[in-house]
Amino acid sequence: GAVVSQHPSRVICKSGTSVKIECRSLDFQATTMFWYRQFPKQSLMLMATSNEGSKATYEQGVEKDKFLINHASLTLSTLTVTSAHPEDSSFYICSARGTKEEAFFGQGTRLTVV
Amino acid sequence: AQSVAQPEDQVNVAEGNPLTVKCTYSVSGNPYLFWYVQYPNRGLQFLLKYITGDNLVKGSYGFEAEFNKSQTSFHLKKPSALVSDSALYFCAVRDKAAGNKLTFGGGTRVLVKP
């Protein structure tokens, strides 16, 4: 149990376009979802925390208008990177937590902006 | 504020030998502690957690960790390492009183040589 599905696993987009990443909890209800960014050979950087039905809480330095997060249901959260630039290229990972203390992670999305 | 330190960037061990990955933490209250493993271009997989109770926690794939409150440590151990254990390991902490946010260590790369 406790499976989190994230897709796409890889996406290439052109500069200036937007890309949406989905994160679904398949077998539990995720009251809280988290979005992370991971740079090569580095740890995870928390971007934002979202609770179902409410606005996401962004970490300092993360542009909320650029990284739009929606958590419309207890099983789905989306991250939309708007007006993407090459510096947005990164590995994005979502995680979800329900009633258990541990969070479960998606497979990650490798975003390349060309 | 909460923080996690993984003092070793990389640990090399021969297959069949014991494996230890070190982690120390700092929280203002009582900690929830977690270990995750990450394989290349994948999300994080949950290994084990300490919430309360016995200081020795057993988790997936033969891993265990010992919570030591006086040393504020939560080292990950495996009695006999496998080549397939080669991966990136993250320790994480959450302060029970400080909400949902997980703080990750910098990660330790484990290389198990045949």
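The values are calculated or read from the model by the stated rules, or taken from the named source; none is laboratory data. All of these numbers come straight from a predicted model, not from anything done at the bench. Cβ sites come from the backbone with ideal geometry, for glycine too, and all protein chains shown count toward neighbours. Note: accessible area is taken over every heavy atom of the protein model, side chains too, but ligands, DNA and RNA are not part of it. Shrake-Rupley method; radii C 1.70, N 1.55, O 1.52, S 1.80 Å.
Please go through the range B:26-54 and give me each residue that is in contact with a Lys or Arg (Cβ under 8 Å, 6 or more places away or on another chain) and open to solvent by 40 Å² or more (accessible area, probe 1.4 Å), ordered by number. B:ASN30, B:ASN41, listed by residue number. Every test in (1) of a type in the set (A, V, I, L, M, F, W, C); (2) out of contact with any Phe, Trp or Tyr (no Cβ under 9 Å at 6 or more places or on another chain); (3) assigned to a strand (DSSP E or B) is passed by A:ALA84 save one, and that test is (3). Hey, any hits in the range A:51-74 for a residue that's touching a residue at least 60 places away in the same chain (Cβ under 8 Å) and assigned to a strand (DSSP E or B)? No, because not a single residue in the range A:51-74 is touching a residue at least 60 places away in the same chain (Cβ under 8 Å) and assigned to a strand (DSSP E or B).
The sole residue among A:PHE67, A:PHE28 that is at pLDDT below 95, of a type in the set (Phe, Trp, Tyr) and buried (at least 17 other Cβ atoms within 10 Å of the Cβ) is A:PHE28. Condition test on A:LYS100, is it assigned to a loop (DSSP other than H, G, I, E, B), open to solvent by 30 Å² or more (accessible area, probe 1.4 Å), of a type in the set (Lys, Arg) and more than 12 Å from chain B (Cβ to nearest Cβ)? Judged against the criteria, A:LYS100 is not a match. The condition of being open to solvent by 20 Å² or more (accessible area, probe 1.4 Å), more than 14 Å from chain A (Cβ to nearest Cβ) and charged (D, E, K, R) holds for B:LYS113.
Is it the case, given these coordinates, that B:VAL83 is hydrophobic (A, V, I, L, M, F, W, C) and open to solvent by 20 Å² or more (accessible area, probe 1.4 Å)? Answer is yes for this residue.
Take the residues of the range A:5-20 that are within 12 Å of another protein chain (Cβ to nearest Cβ) and part of a strand (DSSP E or B): which is least open to solvent (accessible area, probe 1.4 Å)? Restricting to residues being within 12 Å of another protein chain (Cβ to nearest Cβ) and part of a strand (DSSP E or B), the top hit is A:GLN6.
Restricting to the range B:98-114, give me the number of residues that are closer than 16 Å to B:SER73 by Cα and not in a strand (DSSP E or B).
Selection size over the range B:98-114: 3.
Applying the condition of being under 13 Å from A:VAL4 (Cβ atoms) and of a type outside the set (Ser, Thr, Tyr) to the range A:75-97 and asking which residue is farthest from the other protein chains (Cβ to nearest Cβ) yields A:LEU76.
Scan the range A:47-64 for residues that are aliphatic (A, V, I, L, M) and surrounded by 19 or more Cβ atoms within 10 Å (Cβ to Cβ) and jot them down.
Within the range A:47-64, A:MET47, A:ALA48, A:ALA56 meet the criteria.
Going through (1) within 13 Å of the chain's Cα centre (by Cα); (2) under 19 Å from B:PRO18 (Cα atoms) one by one, B:PHE104 falls short only on (2).
Going through (1) more than 30 Å from A:GLU52 (Cβ to Cβ); (2) within 14 Å of chain A (Cβ to nearest Cβ); (3) among the hydrophobic types (A, V, I, L, M, F, W, C); (4) touching a Lys or Arg at 6+ places or on another chain (Cβ under 8 Å) one by one, B:CYS23 falls short only on (4). Residues that are part of a strand (DSSP E or B), in contact (Cβ under 8 Å) with a residue 40 or more places away in the chain, within 14 Å of chain A (Cβ to nearest Cβ) and under 28 Å from B:GLY99 (Cβ atoms): does the range B:48-64 have at least one? Looking through the range B:48-64, none of the residues is part of a strand (DSSP E or B), in contact (Cβ under 8 Å) with a residue 40 or more places away in the chain, within 14 Å of chain A (Cβ to nearest Cβ) and under 28 Å from B:GLY99 (Cβ atoms).
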